[in-house]
Every structure is written in C-alpha cells, then in structure tokens.
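Novice: Please find one structure pasted underneath; my questions will follow.
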Amino acid sequence: MTEAKEQPAADTLELGTLFAALADPHRRSIVGDLLDEPAGARRKCSSFGIGVARSTMTHHFKVLREAGLISQYDFGNRAEISLRRAEVDARFPGLLELVSADRAR
C-alpha cells in the first residue's frame with residue numbers, strides 16, 4: 001500500500017524555508033537530479049548517489065518534504081520521491097530555474 005507523507009499545502013510554502021532547505025549542497029543536488037526528470041516522475045530514494053549515510057539521506061528527504069519541495073511516497077520497505085515542480089513554480093516562479101542554472105555552472 002502506498003502512503004504519501006504529510007507535506008505543506010502549496011499556498012503555505014515560505015521562501016525562507018525553501019532557501020534554508022536548498023542551502024545544503026546535497027539537497028540542491030537531489031532537487032537538481034529531480035529537475036532532470038520529466039515532470040511528475042518519481043525516483044527511488046536509494047537512487048541518489050550523494051555519498052552519505054542512509055540516515056542522513058532520510059534527514060535530507062525530510063527537510064525537502066517539510067519545506068514543500070518534494071512529495072514522498074512510502075511503499076513499506078522502500079520510498080519514492082517526486083519534485084513538486086508545478087506547485088513550487090506557481091508559488092515562486094523562477095526559483096527552480098535558479099537551482100538548475102546553479103547546477104549547470
């Protein structure tokens with residue numbers, strides 16, 4: 001059974017919280033990887049090779065989810081995430097483009 005973890009509503013996303021979540025280079029890398037995927041695509045949490053412990057990855061996903069940048073779905077023994085691209089773009093146009101541009105440098 002799929003269970004979506006709790007996340008903030010799109011209209012309550014706060015710019016400062018998003019900036020704080022994106023301040024960490026590992027989390028920016030995760031968001032950048034998701035920006036390379038088609039809109040709405042989900043990726044297994046284990047597919048991000050950023051070289052940190054599993055518990056640290058879990059923390060990064062939690063910060064991104066609580067900031068409103070990602071949706072997370074649990075399938076019991078595995079989890080998947082997707083970028084909330086449309087919601088973030090609607091609330092803060094251009095923010096994800098900046099993340100993508102920063103990654104390209």
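The values are calculated or read from the model by the stated rules, or taken from the named source; none is laboratory data. All of these numbers come straight from a predicted model, not from anything done at the bench. With ideal geometry, Cβ positions are generated from the backbone for all residues, glycine too; neighbour counts draw on all protein chains shown.
Novice: Hey, among the residues in segment 66-90 that are surrounded by fewer than 18 Cβ atoms within 10 Å (Cβ to Cβ) and either at pLDDT 95 or above or within 11 Å of residue 40 (Cα to Cα) (or both), which one's farthest from the chain's Cα centre (by Cα)?
Specialist: Here the residue is 90.
Novice: From the list 17, 12, which residue is more than 21 Å from residue 100 (Cβ to Cβ) and β-branched (Val, Ile, Thr)?
Specialist: Criteria check complete, one pass: 12.
Novice: Can you name the residue in segment 4-17 that is part of a helix (DSSP H, G or I) and touching a residue at least 60 places away in the same chain (Cβ under 8 Å) and, of all such residues, is nearest to residue 63 (Cα to Cα)?
Specialist: Out of the qualifying residues, it is 15.
Novice: I'd like the full set of residues that are assigned to a helix (DSSP H, G or I), free of Cβ contacts under 8 Å to residues at least 40 places away in the same chain and either farther than 19 Å from residue 17 by Cβ or out of contact with any strand residue (DSSP E or B) (no Cβ under 7 Å at 6 or more places or on another chain) (or both), limited to segment 54-79.
Specialist: 54, 55, 56, 57, 58, 59, 60, 62
Novice: Do you know which residues across segment 18-53 are touching a residue at least 40 places away in the same chain (Cβ under 8 Å), of a type outside the set (Gly, Ala, Ser) and not in a helix (DSSP H, G or I)?
Specialist: Selection gives 37, 42.
Novice: Name the single residue, out of those in segment 1-49 being among the polar types (S, T, N, Q) and touching a helix residue (DSSP H, G or I) at 6+ places or on another chain (Cβ under 7 Å), that is surrounded by the most Cβ atoms within 10 Å (Cβ to Cβ).
Specialist: Checking each candidate, the answer is 7.
Novice: Shifting gears a bit: Could you give me the residue pairs with C-beta distances under 6 Å whose first residue belongs to segment 80-95 and is among the acidic types (Asp, Glu), whose second residue is modelled with pLDDT under 95 and part of a strand (DSSP E or B) wherever it lies, and which are 6+ apart or on separate chains?
Specialist: Sorted first by the residue in segment 80-95, then by its partner, the pairs are 80/44; 80/73.
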